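Worksheet for the structure shown next.
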């Protein structure tokens, strides 16, 4: 462990969340790509159906609305990010490894995870306002909102503990530092488009991690 600077996603046991219904994961993947490429509001539910090879009405067997599908994508992405950070803490006692792994995680794992995070960040403001809709849609909204709160809480607690133990320099507000670090690895997706940019995911990841280390440990990036 000492010779490694990050934790590989494959080293942490995954907790799959795929439905047993045959088309659900295909619909989510197609919708994620369509939302990332066209924008959620401009995207058409019928285009998602075409990409999966089913009729538009068949989509409603899986999701009550396009917004329900969006909230499901957001909830699943936030859940996975939260669980990775939790597992990273269990895998290493070194905060440099934990933080670098968690910040870099959103750029690893292939194209689909990256565009999921782009969709998440693009529509994150929806979780900051009250929502009223069909029960399944509203439940997905509440789930996504809950995971978003969990992530901030878990990062704040972790940083606070590391500061108290002397593993991270003291003097910063752990909640504000948590917000800043999460911002580095998430809001970058407002300009970083995995489907269009010529900048590699690895280059963006390395820049985010370097700045996160500088911010946390008071070093030059």
Label points 7 Å out from Cα along the Cβ direction at residue 157 and residue 38: separation in nm? 4.1 nm
Sort 105, 61 so that the residue with the fewest other Cβ atoms within 10 Å of its own Cβ comes first and the one with the most comes last. 61, 105
Under the classification rounded if a/c is under 1.5, otherwise prolate if a/b is larger than b/c and oblate if not, where does the stretch 103-221 fall, given a ≥ b ≥ c as square roots of the Cα gyration tensor eigenvalues? oblate
Between residue 111 and residue 57, what is the label-to-label distance in nm when each label sits 7 Å out along the Cα-to-Cβ direction? 3.3 nm
Acute angle (nearest 10 degrees) that the helix 174-186 long axis makes with the longest principal axis of the chain, alpha-carbon atoms: 50 degrees
Per DSSP H run of n ≥ 4, the term is -39500 (n - 2.57); total these for the chain, divide by its residue number, and report the mean residue ellipticity at 222 nm rounded to 500 deg cm²/dmol. -20000 deg cm²/dmol
Please find the FRET efficiency linking residue 176 to residue 139, where r is the Cβ-Cβ separation and R0 is fixed at 35 Å, and quote it to the nearest 0.05. 0.65
How big is the equivalent ellipsoid of the chain along its three axes, where each semi-axis is √(5λ) from the Cα gyration tensor, reported in whole Å from largest to smallest? 33, 18, 16
Mind pulling the angle between the C-alpha long axis of helix 24-38 and the longest principal axis of the chain? Nearest 10 degrees, somewhere in 0 to 90. 80 degrees
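A short reminder: the numbers here are calculations on the coordinates, not readings from a lab. Small disclaimer: the values here were computed from a predicted structure and weren't measured. Using ideal geometry, Cβ is built from the backbone for each residue, glycine included, and neighbour counts are taken over all protein chains shown.
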